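As structure tokens, the structure follows; a few thoughts come after it.
The values are calculated or read from the model by the stated rules, or taken from the named source; none is laboratory data. All values reported here derive from a predicted model rather than from experimental measurement. Cβ: placed from backbone, ideal geometry, glycine included. Neighbour counts: every protein chain shown.
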């Protein structure tokens, strides 16, 4: 399960990298590239993976809410905080990283604490892609609360029911910024992953049969993601509302299901480099926008706007994100994760 999911994380991360490359740079020359915005579905795959992993890992061992939350904070917090502080510091020194034109004092605190806020018309933290981490942290809080329920099936059903109930709240009551953010239908994708995780732990390995249906599930999921974007009509470049979880989220569910059941059958990704990129996918995800922005500024000085400029930016997007992401993973993310887990252990015990 580890190798295939890590490889899938790498693919999902690079879907987002290419999506931002196309949307921010190629679309300036070729507006029709909007139909290639299916890379945004990498986020939906991440959300399904997250729900799946949380259920499977807590099924294997007893985990208290405090244990669970401390591990999650240690996992996603340190490198996110480092990159956030980097962007904040650059802005204070007069730079405008990733298009940040100004900085308010409370933006840093809210970003570091994963609190959604309005940043000049968009509900996102200082790191633009950090809006997804605000959803992740919200899901972790819900999941931690569900751990008070000991019976696995009841816990999973309750968790899925809560998320389903949240998305229908706006139909009955007025919601403010936080209420609107946390009741967006995209949170259903965590529920999809949770349901898959429970089914995976209960499915007998001896009765899985041929691997063909699982390969077909991955292919079908990919096809749905691409076709949905090609036929998408709307003000946003990507799917929104209930369409997103029930199309891209469902496709992500098919892809993740195919990947994990294939690994259970012994069909694993043979490429170590892809698995390593999966290990670093979180760092790649956090840093790629800054690299694309820097590459764009550099390209404007070296080339006129055209194929040469776009080619330069694409190389930075693909190779630069991998190099810097791996470096960030090995020097910051992994050591800080281990250090913070060690420091939080006495607090959990207390």
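Please indicate, with yes or no, whether at least one residue in the stretch 164-175 is under 20 Å from residue 67 (Cα atoms), touching a residue at least 24 places away in the same chain (Cβ under 8 Å) and part of a helix (DSSP H, G or I). No, the conditions are met nowhere in the stretch 164-175.
Does residue 146 count as under 19 Å from the mean Cα position of the chain (by Cα), farther than 21 Å from residue 242 by Cα and without any contact (Cβ under 8 Å) to a residue 60 or more places away in the chain? No: the conditions fail for residue 146.
Considering 338, 344, the condition of being assigned to a helix (DSSP H, G or I) and either buried (at least 16 other Cβ atoms within 10 Å of the Cβ) or at pLDDT 90 or above (or both) is satisfied by 344 alone. Scanning the stretch 82-98 for residues that are surrounded by 11 or more Cβ atoms within 10 Å (Cβ to Cβ) and in a helix (DSSP H, G or I) returns 82, 83, 84, 85, 86, 87, 88, 89, 90, 91, 97, 98.
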